[in-house]
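Enquirer: Once you've had a glance at the structure underneath, I'll fire off some questions.
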Amino acid sequence: MSLHKSLPRTLWTFGQPCPSLTSSSPADGISSRPPLPAMAVLPLLLCLLPLAPASSPPQPASPSPCPRRCRCQTQSLPLSVLCPGAGLLFVPPSLDRRAAELRLADNFIATVRRRDLANMTGLLHLSLSRNTIRHVAAGAFADLRALRALHLDGNRLTSLGEGQLRGLVNLRHLILSNNQLAALAAGALDDCAETLEDLDLSYNNLEQLPWEALGRLGNVNTLGLDHNLLASVPAGAFSRLHKLARLDMTSNRLTTIPPDPLFSRLPLLARPRGSPASALVLAFGGNPLHCNCELVWLRRLAREDDLEACASPPALGGRYFWAVGEEEFVCEPPVVTHRSPPLAVPAGRPAALRCRAVGDPEPRVRWVSPQGRLLGNSSRARAFPNGTLELLVTEPGDGGIFTCIAANAAGEATAAVELTVGPPPPPQLANSTSCDPPRDGEPDALTPPSAASASASAKAAEAGPPTDRGVQVTEHGATAALVQWPDQRPIPGIRMYQIQYNSSADDILVYRMIPAESSSFLLTDLASGRTYDLCVLAVYEDGATGLTATRPVGCSRFSTEPALRPCGAPHAPFLGGTMIIALGGVIVASVLVFIFVLLMRYKVHGGQPPGKTKASAPVSSVCSQTNGALGPTPAPPAPEPTAPRAHTVVQLDCEPRGPSHEPTGP
């Protein structure tokens, strides 16, 4: 039988029972069938092989080797990789990406790279505490979407940007204490704002915080801001933190703590022991608190604390905060101490209005225009925190009465400042002598007050305190003024005079001590275009007490002349014409010099052009007669025959002229 004909009969289908190699009789069990041929044994061998299933499930990958110097707990899930204090310089690259816990604290890791923690999607706890981390790459935690706790405390981070915490959408505990953080980006906590429960920013260098971003942490329970450089907290910064249980602002630079709606809803306690679950533990000791009426709300709370103390005002400095009575937390209403006198400026020029006020707390100064509008920073005006309002370019409609309003928690005070905007000044010519500035070091010339300056001084005097006729400023210029006062020597005990004055641009008083025998003084350190208030005091010795006292002699107000503007540069057409004239003059001068040189050469060569001489030029001698004289003299006419006279020595100096230097015969 051929193989082709026997295979269909001998091959068995898989899944059927394999036939026996021998056939036994049920009676005696002895085989009575002859052995099968070789080709029939093949299907029987295939039946004896173990059959593999058609589709087998994937086998679990073998775990990655544990990094050197680390301990790995891989016997049961979740996996843990523990490498604390292993002396690591970087995150080990052979981490098991299935790990749920990774502890790398107390090492020397300096940076966290993007690939260090890639694909660790099951990581729940990551500790990088007490390393030397200075930089965290943007997106370094992007794959850690399941992470619950991140410890980065005890490192050297100086800032935290918007992309460094990206991807931590389930983060609940973020510990960033004991770093060198000076800046926290507004969007740094965006991905974990809805899940974060614990945020620790203590022991850093934070002067400012993104308070708007912190206000969105609706689930935060503990907020640590202690031991930073925070000087202020905006009102309402914690109003939306309804689950906040502990707020630590110890050891900052806070002088006051604004009342917050959250503080009014929850009872405030200083210590967490025994406090109800709904209480808010607030710690603010170690701050330079200014104990005035702004902190009365905090003083009225029932608290137990022994850390807080008042730093100011001087009457309460150093006293225990909770021992100060409520009646001692007082404020002082504002008082305007200085304001600009009436100003007059031409249209198109800038104008600065100044207002100074004192009070407790420090008042805030605002300005109201003559039309009743509240002024602030705009394209034409700038308002400064010190109370100065600067109008960059004045217009005729800007004139009027500006109102300065100084307000604080105790009240407000107002003051009026008049501004007059005149027509624009006429343009000054470049060759005008009125724009020449004075020479350096030369005192300003004193002139009697002009009619315009006299009227301005009179108007300023009407707005300010009355001028004493005993003290007069008789002559003044742009930078100097002559002050005169009546003689006070008949008053016994006068030792000297004191002059006090300040300008409308600042509050600094200038003092001058004058001998007792003087009745006038020349001020030479004034500024141009300003109004000055000046007072003269007599310093004398009080006979009753033996102490030095002062007696006012009188006061006066005056205005210095405006400074002369320096001459402006000539216009472009003038400069162009000047350059053309100068260039033409240089060309003409060059031509004249060239002609002069040609004439001189022509004269030197005896009237002949240079290089052309006559072949038979006659030789002549030019003789000059001198009689002791230095220069040649003309030859006298031939004398008539007369009687012989005394012999006179005559010297003949002959110079040859012509091509030959040999003298000719007589």
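The values are calculated or read from the model by the stated rules, or taken from the named source; none is laboratory data. Note that the structure is predicted; figures quoted are calculated from it, not measured. Glycine gets a Cβ as well: all are built from the backbone with ideal geometry, and neighbour counts include every protein chain shown. To get the accessible areas, we keep the full protein, side chains included, count just its heavy atoms, and leave off ligands, DNA and RNA. Shrake-Rupley method; radii C 1.70, N 1.55, O 1.52, S 1.80 Å.
Enquirer: Has the range 103-115 got at least one residue that is open to solvent by 60 Å² or more (accessible area, probe 1.4 Å), touching a Leu at 6+ places or on another chain (Cβ under 8 Å) and β-branched (Val, Ile, Thr)?
Expert: No, the conditions are met nowhere in the range 103-115.
Enquirer: Continuing with the same structure: Give Leu184, Leu176, Leu152 a once-over and let me know the one that is at pLDDT 95 or above and within 19 Å of Trp211 (Cα to Cα).
Expert: On the way: Leu184 fails: at pLDDT 95 or above; Leu152 fails: within 19 Å of Trp211 (Cα to Cα).
Answer to the selection: Leu176.
Enquirer: Could you tell me whether the range 206-213 includes any residue that is aromatic (Phe, Trp, Tyr), part of a loop (DSSP other than H, G, I, E, B) and open to solvent by 10 Å² or more (accessible area, probe 1.4 Å)?
Expert: No, every residue in the range 206-213 fails to be aromatic (Phe, Trp, Tyr), part of a loop (DSSP other than H, G, I, E, B) and open to solvent by 10 Å² or more (accessible area, probe 1.4 Å).
Enquirer: OK, next. Which residue pairs have Cβ atoms closer than 7 Å, lie 6 or more positions apart in sequence or on different chains, and pair a first residue in the range 323-347 that is under 13 Å from Ala413 (Cβ atoms) with a second residue that is part of a loop (DSSP other than H, G, I, E, B) and open to solvent by 60 Å² or more (accessible area, probe 1.4 Å)?
Expert: As it stands, the answer is His338/Asp507, since those pairs meet every condition given.
Enquirer: Quick check on my filter: what residues within the range 553-585 are open to solvent by 90 Å² or more (accessible area, probe 1.4 Å) and at pLDDT 85 or above?
Expert: Within the range 553-585, Ile581 is the sole residue that qualifies.
Enquirer: Looking only at the range 238-272, filter to residues that are hydrophobic (A, V, I, L, M, F, W, C) and either open to solvent by 60 Å² or more (accessible area, probe 1.4 Å) or not in a loop (DSSP other than H, G, I, E, B) (or both); which one of those is modelled with the highest pLDDT?
Expert: Ranking the candidates gives Leu247 first.
Enquirer: Consider Trp297 against the criteria (1) in a strand (DSSP E or B); (2) touching a Pro at 6+ places or on another chain (Cβ under 9 Å): it satisfies all of them except one. Which criterion is unmet?
Expert: Of the numbered conditions (1) in a strand (DSSP E or B); (2) touching a Pro at 6+ places or on another chain (Cβ under 9 Å), the odd one out for Trp297 is (1).
Enquirer: Tell me yes or no: at least one residue of the range 316-325 is over 30 Å from Leu289 (Cβ atoms) and either open to solvent by less than 40 Å² (accessible area, probe 1.4 Å) or at pLDDT below 90 (or both).
Expert: Among the residues of the range 316-325, not one is over 30 Å from Leu289 (Cβ atoms) and either open to solvent by less than 40 Å² (accessible area, probe 1.4 Å) or at pLDDT below 90 (or both), which makes the answer no.
Enquirer: Then there's this: So which strands (runs of 3 or more DSSP E) are wholly in the range 76-177 and hold at least 3 residues that are within 25 Å of Tyr203 (Cα to Cα)?
Expert: 125-127, 149-151, 173-175
Enquirer: Let me ask you something else. Just the residues that are closer than 18 Å to Val421 by Cα and surrounded by 12 or more Cβ atoms within 10 Å (Cβ to Cβ), please, taken from the range 397-406.
Expert: Across the range 397-406, the qualifying residues are Asp398, Gly399, Gly400, Ile401, Phe402, Thr403.
Enquirer: Then there is this: Just to be sure before I move on: is Arg354 open to solvent by 80 Å² or more (accessible area, probe 1.4 Å), farther than 30 Å from Phe284 by Cβ, touching a residue at least 40 places away in the same chain (Cβ under 8 Å) and among the charged types (D, E, K, R) in the structure I sent?
Expert: no
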